[in-house]
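Structure first, then comments.
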Amino acid sequence: MQLLVFSDSHNHIAPMAAKVRSVKPDLILHLGDYASDARSLADTFPHIPLRAVRGNCDFGSRAPLLEEVLIADKRIVMAHGHRYEVKSDYGPLYHMGREAGADILLFGHTHIPHYEQVGAMHVLNPGSAGRRTLNGALIRIVDGAVHCEHISL
(Lines give C-alpha, C1' and ligand atoms only; values in the text may rest on other atoms or scores of the structure.)
Protein backbone atom coordinates (compact mmCIF):
# COMPACT_ATOMS: atom_id res chain seq x y z
CA MET A 1 0.00 0.00 0.00
CA GLN A 2 1.46 3.37 -1.06
CA LEU A 3 0.11 6.71 0.13
CA LEU A 4 1.20 10.10 -1.18
CA VAL A 5 0.87 12.91 1.34
CA PHE A 6 0.75 16.61 0.47
CA SER A 7 0.14 19.77 2.45
CA ASP A 8 0.25 23.52 2.03
CA SER A 9 0.19 23.35 -1.75
CA HIS A 10 -1.05 26.94 -2.14
CA ASN A 11 -2.30 26.44 -5.71
CA HIS A 12 0.79 24.58 -6.97
CA ILE A 13 -1.03 21.61 -8.46
CA ALA A 14 1.30 20.58 -11.31
CA PRO A 15 4.18 19.28 -9.10
CA MET A 16 1.75 17.15 -7.08
CA ALA A 17 0.09 15.80 -10.23
CA ALA A 18 3.48 14.88 -11.69
CA LYS A 19 4.37 12.95 -8.53
CA VAL A 20 1.02 11.14 -8.57
CA ARG A 21 1.69 10.09 -12.17
CA SER A 22 5.16 8.74 -11.32
CA VAL A 23 4.34 7.02 -8.01
CA LYS A 24 0.83 5.74 -8.86
CA PRO A 25 -0.27 5.66 -5.20
CA ASP A 26 -3.17 3.68 -3.77
CA LEU A 27 -4.36 6.76 -1.86
CA ILE A 28 -3.67 10.51 -1.88
CA LEU A 29 -3.88 12.52 1.36
CA HIS A 30 -3.95 16.34 1.43
CA LEU A 31 -3.53 18.13 4.74
CA GLY A 32 -4.98 21.51 3.84
CA ASP A 33 -3.99 24.91 2.52
CA TYR A 34 -5.49 24.75 -0.28
CA ALA A 35 -8.30 22.20 -0.08
CA SER A 36 -9.29 23.28 -3.60
CA ASP A 37 -6.00 21.78 -4.81
CA ALA A 38 -7.13 18.44 -3.39
CA ARG A 39 -10.36 18.74 -5.40
CA SER A 40 -8.29 19.40 -8.53
CA LEU A 41 -6.21 16.28 -7.88
CA ALA A 42 -9.38 14.25 -7.31
CA ASP A 43 -10.76 15.49 -10.64
CA THR A 44 -7.49 14.72 -12.44
CA PHE A 45 -7.12 11.25 -10.89
CA PRO A 46 -10.69 10.03 -10.29
CA HIS A 47 -9.50 6.40 -10.05
CA ILE A 48 -7.28 7.15 -7.00
CA PRO A 49 -9.08 7.72 -3.68
CA LEU A 50 -8.25 11.05 -2.05
CA ARG A 51 -8.93 12.30 1.47
CA ALA A 52 -8.37 15.87 2.60
CA VAL A 53 -8.73 18.18 5.58
CA ARG A 54 -8.95 21.94 5.57
CA GLY A 55 -6.32 24.32 6.83
CA ASN A 56 -6.18 27.90 8.05
CA CYS A 57 -6.25 29.27 4.47
CA ASP A 58 -9.29 27.21 3.40
CA PHE A 59 -12.01 29.78 3.97
CA GLY A 60 -15.41 28.43 3.01
CA SER A 61 -14.16 24.87 2.49
CA ARG A 62 -16.41 22.03 3.50
CA ALA A 63 -13.49 19.68 4.07
CA PRO A 64 -13.32 18.44 7.67
CA LEU A 65 -10.81 19.83 10.16
CA LEU A 66 -9.91 16.32 11.28
CA GLU A 67 -10.12 13.07 9.34
CA GLU A 68 -9.50 9.47 10.35
CA VAL A 69 -8.78 6.80 7.76
CA LEU A 70 -8.29 3.09 8.35
CA ILE A 71 -5.90 1.63 5.77
CA ALA A 72 -4.18 -1.78 5.94
CA ASP A 73 -5.18 -2.08 9.62
CA LYS A 74 -3.49 1.25 10.42
CA ARG A 75 -5.44 4.21 11.83
CA ILE A 76 -4.33 7.39 10.11
CA VAL A 77 -5.35 10.67 11.72
CA MET A 78 -5.05 13.81 9.58
CA ALA A 79 -5.14 17.45 10.71
CA HIS A 80 -3.70 20.60 9.22
CA GLY A 81 -2.15 21.44 12.58
CA HIS A 82 -3.10 25.10 13.08
CA ARG A 83 -5.71 24.19 15.71
CA TYR A 84 -3.02 22.34 17.68
CA GLU A 85 -0.51 25.22 17.64
CA VAL A 86 2.16 23.10 15.92
CA LYS A 87 4.33 26.12 15.18
CA SER A 88 5.16 26.37 18.87
CA ASP A 89 4.59 22.96 20.49
CA TYR A 90 3.72 19.46 19.26
CA GLY A 91 2.34 18.40 22.67
CA PRO A 92 -1.36 19.12 21.92
CA LEU A 93 -1.05 17.35 18.54
CA TYR A 94 0.55 14.27 20.15
CA HIS A 95 -2.17 14.21 22.79
CA MET A 96 -4.89 14.31 20.14
CA GLY A 97 -3.18 11.53 18.19
CA ARG A 98 -2.87 9.30 21.24
CA GLU A 99 -6.51 9.94 22.19
CA ALA A 100 -7.59 9.02 18.64
CA GLY A 101 -5.53 5.82 18.69
CA ALA A 102 -3.44 6.92 15.71
CA ASP A 103 -0.86 4.61 14.27
CA ILE A 104 0.07 7.40 11.84
CA LEU A 105 -0.50 11.06 12.71
CA LEU A 106 -0.26 13.52 9.81
CA PHE A 107 -0.10 17.30 9.98
CA GLY A 108 1.02 20.29 7.95
CA HIS A 109 0.92 24.08 8.56
CA THR A 110 4.61 24.63 9.41
CA HIS A 111 5.87 24.01 5.83
CA ILE A 112 8.77 22.12 7.44
CA PRO A 113 9.19 18.40 6.77
CA HIS A 114 9.16 16.41 9.99
CA TYR A 115 9.12 12.73 10.92
CA GLU A 116 9.50 10.96 14.21
CA GLN A 117 8.09 8.07 16.15
CA VAL A 118 6.39 8.92 19.42
CA GLY A 119 6.01 5.56 21.10
CA ALA A 120 4.41 3.39 18.42
CA MET A 121 2.85 6.40 16.63
CA HIS A 122 4.44 7.63 13.40
CA VAL A 123 4.21 11.44 13.24
CA LEU A 124 4.72 13.02 9.82
CA ASN A 125 4.59 16.48 8.30
CA PRO A 126 5.28 16.31 4.54
CA GLY A 127 6.37 19.95 4.38
CA SER A 128 4.96 22.29 1.74
CA ALA A 129 3.99 21.15 -1.75
CA GLY A 130 3.78 24.77 -2.82
CA ARG A 131 5.91 27.86 -3.09
CA ARG A 132 9.68 27.31 -3.00
CA THR A 133 10.09 24.02 -1.20
CA LEU A 134 8.00 21.50 -3.20
CA ASN A 135 8.03 18.70 -0.62
CA GLY A 136 5.72 15.79 0.01
CA ALA A 137 5.86 12.39 1.66
CA LEU A 138 5.41 8.77 0.73
CA ILE A 139 4.09 6.24 3.20
CA ARG A 140 4.40 2.54 2.47
CA ILE A 141 2.58 -0.03 4.54
CA VAL A 142 4.01 -3.48 3.88
CA ASP A 143 3.13 -6.55 5.93
CA GLY A 144 1.95 -4.30 8.77
CA ALA A 145 5.17 -2.26 8.85
CA VAL A 146 5.00 1.50 8.24
CA HIS A 147 7.75 3.21 6.23
CA CYS A 148 7.69 7.00 5.87
CA GLU A 149 9.95 9.12 3.69
CA HIS A 150 10.07 12.71 2.54
CA ILE A 151 10.17 13.27 -1.20
CA SER A 152 10.88 16.19 -3.52
CA LEU A 153 8.24 17.13 -6.06
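The values are calculated or read from the model by the stated rules, or taken from the named source; none is laboratory data. Remember, predicted model here, so these are calculated numbers, not experimental data. Cβ sites come from the backbone with ideal geometry, for glycine too, and all protein chains shown count toward neighbours.
Brief remarks follow.
- Scanning the range 37-51 for residues that are in contact (Cβ under 8 Å) with a residue 24 or more places away in the chain and assigned to a strand (DSSP E or B) returns a single hit, Arg51.
- Exclusive hit being of a type in the set (D, E, K, R), surrounded by fewer than 15 Cβ atoms within 10 Å (Cβ to Cβ) and either within 23 Å of Ala38 (Cα to Cα) or touching a Ser or Thr at 6+ places or on another chain (Cβ under 9 Å) (or both), set Arg83, Arg132: Arg132
- Conditions (1) in contact with a His (Cβ under 9 Å, 6 or more places away or on another chain); (2) at pLDDT 95 or above; (3) in a loop (DSSP other than H, G, I, E, B); (4) among the hydrophobic types (A, V, I, L, M, F, W, C): number failed by Leu105: (3)
- Counted residues, the range 52-71 - those being more than 15 Å from Leu4 (Cα to Cα) and part of a loop (DSSP other than H, G, I, E, B): 12
Listed here are the residues, each with its yes/no results for (1) acidic (Asp, Glu); (2) assigned to a helix (DSSP H, G or I).
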| residue | (1), (2) |
| --- | --- |
| Asp89 | yes, no |
| Pro92 | no, yes |
| Met96 | no, yes |
| Glu99 | yes, yes |
| Thr110 | no, no |
| Val123 | no, no |
| Gly127 | no, no |
| Arg131 | no, no |
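Residue-by-condition table, conditions (1) of a type in the set (A, V, I, L, M, F, W, C); (2) surrounded by 22 or more Cβ atoms within 10 Å (Cβ to Cβ):
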| site | (1), (2) |
| --- | --- |
| Ala42 | yes, no |
| Leu65 | yes, no |
| Ala79 | yes, yes |
| His111 | no, no |
| Leu124 | yes, yes |
| Ser128 | no, yes |
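- Restricting the range 49-63 to residues that are hydrophobic (A, V, I, L, M, F, W, C) and more than 15 Å from the chain's Cα centre (by Cα), the residue that is surrounded by the most Cβ atoms within 10 Å (Cβ to Cβ): Cys57
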